[in-house]
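Worksheet: the structure to be examined is printed underneath.
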Amino acid sequence: MKRQEATFYDDHPFDWTEGYRQRDLDATLAPLLRSFIEGVASDAVVLDIGCGAGRVTACLAARHLRVVGLDLSRASVRLMTERTGQPGVVGDGLRLPFLDACVDRVIADGVIHHTGDSFRAFAEGCRVLKSGGLFYAAVYKPGGRYQKLYRFPGSIIRRLVNQPAGKAIVHSTMLPLYYLAHVVKSRGRRSWHGAKSLFYDYFVTPRVEFLSRSELQTWSRQCAVDIVDYDRNPSLNVHSFLLRKRARVASAAGLSEPAGSRSAERLAVVEAVE
């Protein structure tokens, strides 16, 4: 794969759990994601799309599950592989470098709403999933507090950080206040580095979409998956969907799923990583 230009998350990796112990990492998982991970079979292949610095990948690795992390950010993939020991791929969630129907489980935790084409990212996750496989997706909810904050003061923050004087103002006023709030909220676990990562992800990230449950229901019908569980997550900015790919149907890309043994499907994943 040719070298890619630096992305927003190369400069600002989503790395807010640096130094967390495993039990602290597990506590950051949304309830539906935690139960999803606990239900993954030991011989399954899991694709963690938008793995970032490896928070979710680490939770899978701690359970000795076979997982491949993928992210558009080379810096993020490097952090993930160093911390978890799991294989990583630098790749675009809108054009996943994997064959159709090659993984048993897919995770896209707070990812597809950052891609610029959420439906295409969703469809790609469905495409690489095997028939009968499960897909966990968490996306930002519309109409909530975060959507308002992203617009204001977010729009002002994004303008300010694009020039040196404005960035200095943000880093000397808004960011310290944000850090203090998170130190209290996390009972001292959140570091300056972690708070800064959250701040940039929430307010400075250039692309965010807020996706309704009805949109995901429509996309599911188009991509031949069924929503088998849903969590509104009242205390979180995201809502969570658990989807199952229908058996023996055309993939999201409109191609029949390739026949082959379970070992052959795994080989497709390993070859893509290497």
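The values are calculated or read from the model by the stated rules, or taken from the named source; none is laboratory data. For clarity, every value in this text was computed on a predicted model and none was experimentally measured. Glycine gets a Cβ as well: all are built from the backbone with ideal geometry, and neighbour counts include every protein chain shown.
What the table below lists for this structure:
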{"item": "Criterion violated by Ser240 - all others in (1) in contact with a Leu (Cβ under 8 Å, 6 or more places away or on another chain); (2) under 18 Å from Glu18 (Cα atoms) satisfied", "result": "(2)"}
{"item": "Total residues in the stretch 12-56, condition surrounded by fewer than 19 Cβ atoms within 10 Å (Cβ to Cβ), over 16 Å from the mean Cα position of the chain (by Cα), closer than 27 Å to Lys185 by Cα and in contact (Cβ under 8 Å) with a residue 40 or more places away in the chain", "result": "4"}
{"item": "Top-ranked residue in the stretch 201-214 [being touching a residue at least 60 places away in the same chain (Cβ under 8 Å) and part of a helix (DSSP H, G or I); ranked as nearest to Cys126 (Cα to Cα)]", "result": "Asp201"}
{"item": "Unmet requirement for Gly188, which otherwise passes all of (1) farther than 21 Å from Pro153 by Cα; (2) assigned to a helix (DSSP H, G or I); (3) modelled with pLDDT under 95; (4) not basic (Lys, Arg)", "result": "(2)"}
{"item": "Residue that is farthest from Leu32 (Cα to Cα), among those in the stretch 217-274 that are out of contact with any strand residue (DSSP E or B) (no Cβ under 8 Å at 6 or more places or on another chain), modelled with pLDDT of 50 or more and part of a helix (DSSP H, G or I)", "result": "Gln222"}
{"item": "Residue in the stretch 60-67 that is in a strand (DSSP E or B), surrounded by fewer than 23 Cβ atoms within 10 Å (Cβ to Cβ), not assigned by TED's automatic domain parsing to the domain that holds Ser197 and not small (Gly, Ala, Ser) present", "result": "yes"}
